[in-house]
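Here, each number is a calculation from the coordinates, and none is a lab measurement. None of the values given here were measured: they were computed from a predicted structure. Please note: Cβ atoms are built from the backbone with ideal geometry, for glycine as well, and neighbour counts cover all protein chains shown.
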Amino acid sequence: MLVIKPTLRLPGRKTGQFGFTLVELVIVIVLIGILGAFAGQRFFSRTNFDASGYANQLATLVRYGQKLAIAQNRSVFVRLNGGSVALCYDAACAARVTSPAGSNSGNAATRQRCVNPADNVYDPAWACEGMPDGLAMTNAGTFYFDAVGTPFNVADVQPTLVSTFPAALAVDIAGNGVTLRTTIEGSTGYVR
C-alpha cells in the first residue's frame with residue numbers, strides 16, 4: 001500500500017513559491033555593508049597582531065636582560081628608544097648583547113631600527129627587536145639591571161646601593177586603538 005505524505009509548506013507561501021523576498025535581501029545587504037565598514041578594518045588590520053607580538057618581544061627581551069645580568073654577574077642595559085628594544089653591556093650600546101638564539105628576528109623593522117650606533121650597520125646577532133610601523137612606544141629610555149637583577153636608571157652609577165628607578169615603569173605599545181602595557185617593577189625587576 002502506497003502512502004503519500006503531504007509536503008511541508010512554509011507559512012504565508014503559496015505552492016510553488018521559493019526564495020527570499022526583496023525586503024529580506026535588502027536587509028542582508030545593508031547588514032553586510034555595516035559589518036564591512038566597521039568590523040572589516042579591525043579584522044584585516046595587522047596592527048593589532050603587531051602590537052601584541054611586539055609587546056611580547058619587549059617583555060621577553062627585558063626578562064632576558066635581567067636573567068643575563070644575574071647569570072653573568074654584570075650590568076646589562078635595556079635601551080628603549082621608541083623604535084626598538086635592545087640589550088647592551090654599556091649605556092652607549094658599544095658592547096652589544098648577543099641574541100639568545102644567535103640571531104634576532106631579522107624582519108624589516110628590526111633591520112631598519114637595530115643598527116650598530118658606531119657604524120650604522122645592521123647587526124643580526126644583536127639582541128634587538130625593531131618596532132613595526134604603525135605602533136608607538138611610551139616611556140622610552142635606557143635603564144640597566146645590576147648583578148643581582150635590580151633595575152637602575154642609567155644615571156645611577158655603580159657602585160651605588162640606591163636606585164632612582166621608579167616604583168613601576170609602564171611601557172605601553174599602542175596601535176590602531178589597542179594599547180598593551182609591559183610593567184617593570186622597581187624593587188625586584190619583575191616584568192609583567
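Quick rundown of the values:
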item: Estimated FRET transfer efficiency when R0 is 25 angstrom, pair Asn107-Ala170 (beta carbons, to 0.05); result: 0.50
item: Estimated inter-spin distance, Ala95 and Thr188, nm [label 7 Å along Cα→Cβ]; result: 3.0
item: Residue of Ala127, Ala118, Ala140 that the Gaussian network model of the chain assigns the largest fluctuation, springs spanning Cα pairs under 10 Å; result: Ala118
item: DSSP-loop trypsin sites (Lys or Arg not before Pro) across region 38-144, with at most 14 other Cβ within 10 angstrom; result: Arg46, Arg74
item: Choice from Ala94, Ala86, Ala51 showing the highest fluctuation, given a GNM over the chain with Cα pairs closer than 10 Å; result: Ala94
item: Chain lengthening between Ala155 and Asn81 when straightened (0.36 nm per residue, less Cα-Cα); result: 25.0 nm
item: Charge dipole (debye, nearest 20) of region 50-185; +1 at Cβ of Lys and Arg, -1 at Cβ of Asp and Glu; result: 160
item: Cα centroid of region 127-192 to Cα centroid of region 78-120, whole Å; result: 15
item: Debye intensity ratio I(q)/I(0), log10, the chain, q values 0.14, 0.15 Å⁻¹ (C-alpha model); result: -0.81, -0.90
item: Most mobile of Ser99, Ser84, Ser45 in a GNM of the chain (Cα contacts under 10 Å); result: Ser45
item: Label point distance in nm, Tyr122-Val23, each placed 7 Å from Cα along Cα→Cβ; result: 6.0
